[in-house]
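Every number here is computed from the coordinates shown, using simple stated rules; none is lab data. What you are looking at is a predicted structure, and each value in this text was computed from that prediction instead of being measured. Every residue, glycine as well, gets a Cβ built from its backbone with ideal geometry; the counts of neighbours run over all protein chains shown.
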Amino acid sequence: MADQPTIPPQAESFFSGAYARILRFMLALGIVATVAVLVRFGPAVAGGFVVGCAIAFVNFHWLKRVVSALADRTIAAGERPSSKGVVLRFLLRYFLIALGAYAIFKISRDGLYGLLVGLFLPVGAIMMEAGYELYGALRRGV
């Protein structure tokens with residue numbers, strides 16, 4: 001077997017905290033952006049934005065759990081796990097998004113715009129994490 005590069009313990013501990021940092025970035029970004037959306041676009045859009053952020057937060061958490069469970073089952077069993085449960089959870093997440101969008105659309109079209117933008121919360125948080133990791137790599141040589 002070929003020699004695999006070893007990861008320094010400092011780097012491993014830095015990168016292993018990425019998930020927790022992304023959740024904190026999502027929370028902070030959601031709060032700051034909600035205030036900005038409320039001031040700029042009003043309560044209807046801000047309400048939809050908050051719902052979109054909440055759905056995105058829960059969706060991100062569920063996605064992490066599904067990926068971790070799949071990896072654990074694959075490693076433990078040594079074979080490919082059943083895809084039925086994965087597909088069901090995948091569809092459930094998008095059903096919840098569609099249900100939230102429909103409910104908000106019935107209340108306010110402006111709220112729907114806020115919901116759709118709020119669904120992109122993980123993208124902003126992941127971009128913030130990438131910037132943080134780049135800073136850490138350049139600053140500390142991690």
So Arg40 and Lys106, fully extended at 0.36 nm per residue minus their Cα-Cα distance, gain in nm 21.5 nm
Please compute the modelled spin-label separation between Ala69 and Leu134, points set 7 Å along Cα→Cβ, answer in nm with one decimal.
3.5
Please give the peptides 47-59, 125-137 ranked by average Cβ packing (other Cβ atoms within 10 Å per residue), highest first, as a rough proxy for protection.
47-59, 125-137
